[in-house]
Structure formats: structure tokens, C-alpha cells
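The values are calculated or read from the model by the stated rules, or taken from the named source; none is laboratory data. These figures come from a predicted structure and were not determined experimentally. Because the Cβ atoms are built from the backbone with ideal geometry, glycine has one as well, and the counts that use them run over all protein chains shown.
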Amino acid sequence: MKAAGTVILEIAALCAVGGVLGLSVNALREKDSIRIGRNYFAPAVVAIPKPSPSTTRSDSLAAIPTTEAPADQWFVTLEEVRQLLEAPGAEPGSCLFVDARNDKHFTAGHIPSAVQVDYYNLERYLSEALPRILAAQRVIVYCNGGDCEDSLLLRQELIGRGVPFDRLFVCKGGWEEWQAAGMPVETGEGQ
């Protein structure tokens, strides 16, 4: 029978090898990898006091109220984004896209002229991006789409940093829908 010390060392070595192997496989997976630094338990919506009175917009996003509402009312579809960008009299640069994804995904492809603000590395991006976000008439935040909540979390963070909530929207389909629809794509580090 083996000594207890030897058994403990073998268990520790097995755990170390398994951990290294698991992290290596995760790093090699481009899609569906587990993001080690991500807080998977962060709340999707932060309660924000409702201002009064409630009014509605007069632009192409007229269905969206200007008082804070449940998160699903701040989603915009790709079709609504197209209408907004193609609206007669739309000023160039009045709509700013904010990409909540990490460097690897942003560099591989993003919406042209989008500003990157990786939700999990805010301190790295916000000092440069926040003045542009505050100056924009409309800010559309996006992440990968689907079950990705990073854009919602970033929206709430931006509200906490003084960006008016009625200018902040979340592109429901995110990057995946944008790319699948054949919309313009930019690669590299961006601006």
C-alpha cells in the first residue's frame, strides 16, 4: 500500500496536468470558449430610477420610450438600425456603435467605425471612448448576439458613467446577425 504522501502527490500532479490540458484546449477553441475572466453571475439589468414624465421619440426609433424601461425595450433590431442609418437627413457620425467584445473578436471583424469597449476590461477602454460616447446622439452597443449579455451589461455601466439612457440601445442580433446579413465589416484594431 502506498504512503499517504505519495498518493497526495499523485493526485496533485494529476490535477495539475488536467488543469493545464483543459486550459490549453479552451485557448484553442475559437468559438464557444470559456472566458476565464468573465463574471458569468453579473446581473443582466441594474435597477435604475424612472424619471418622469414619459415621452416618446419622434425619430425612426419612435416605438422606444425615453424613460428607462425593462431591458428588452432598449433592444433594436438590425432592420431598425438600417432604417436609422439610411434615414433621410441622418447626420454622418450621429450614431455611434460600441463593440463590447474582446480584442480577439474585435480585431477579427467589427462594424465600421465602431468603438471597442470590452466590458471585462473597462479601465483599459473607457477613458478614451467615453468622450465620443457622450458626444453621440445615439449609441448602439453590441456584442456577439444570441445569449451574449455583455452589451446589456455595458449599457448599464455607461448609464452609471453619465451617458443618458435614452440615447443607449442594444443591437439585439449583435455581431453575428450583422455579419450574416452581409452588412459592411471592418477588421483590425479600429479607431
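Checking the condition touching a Pro at 6+ places or on another chain (Cβ under 9 Å), surrounded by 14 or more Cβ atoms within 10 Å (Cβ to Cβ) and at pLDDT 90 or above, which residue from 126, 134, 130 passes?
Working: 126 fails: touching a Pro at 6+ places or on another chain (Cβ under 9 Å); 130 fails: touching a Pro at 6+ places or on another chain (Cβ under 9 Å).
Within the list 126, 134, 130, the selection yields 134.
Annotation: residue 172 fulfils all but one of (1) within 16 Å of the chain's Cα centre (by Cα); (2) surrounded by fewer than 16 Cβ atoms within 10 Å (Cβ to Cβ); the unmet one is (2).
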